[in-house]
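Step one of this worksheet: look at the structure below.
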Amino acid sequence: MHPADPRPSPFAQTYFHGTKADLQPGDLITPGFNSNFGQRRSARYCFLTATLDAAIWGAELAVGTGRERIYLVEPTGPLEDDPDVTDRRFPGNPTMSYRATQPFKVVGEVTLWQGHPAGQIRAMKDSLARLGEQGIDSLNDTE
């Protein structure tokens, strides 16, 4: 089911959350922790994606020293497009990334996945650093 389409479908949408946090099935991912992006303020939202690639980026770019992890999650409330990667900056929602003010329940973990090449990760981190130097922060910091 797409977040904007309340009609049931024969298969539930799979959502992922990339992080360096060590979580277990049944744990809740909630807003209120410091964001990995922008000004690193206490996050008003928690984030998920319907694409494994976007979740991998989330894990690879997450702040911290823990192991990169990808969790399967279920939203407990309504979702809305993440403005950092949707209509305000890119047409549509190419990464199928969403945010919510309600928690996500961890229902499993993806244990076999291939990360991006080190050079590609370094280029992405450099690009994010340049945006920060230019004063271009996360749109999630301003709402």
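FYI, it's all coordinate maths here, none of it is from the lab. Just so it is clear, the model here is predicted, and its values are computed rather than measured. Here the Cβ is made from the backbone with ideal geometry for all residues, glycine too, and neighbour counts use every protein chain on show.
Which net charge results when you count Lys and Arg as +1 and Asp and Glu as -1 among the other residues whose beta-carbon is under 12 Å from that of Ile70?
Local charge sum for Ile70: -1.
Under 12 Å from the Cβ of Lys105, count the other residues' Cβ atoms, weight Lys and Arg +1, Asp and Glu -1, and hand me the total.
-2
When you have a sec, figure out the Kirkwood radius of the range 15-136 from all distinct Cα pair distances and drop it here in Å to one decimal?
After inverting the mean inverse Cα-Cα distance, the result is 14.8 Å.
What does the charge add up to near Leu23, with Lys and Arg as +1, Asp and Glu as -1, over the other residues with Cβ less than 9 Å from its Cβ?
-2
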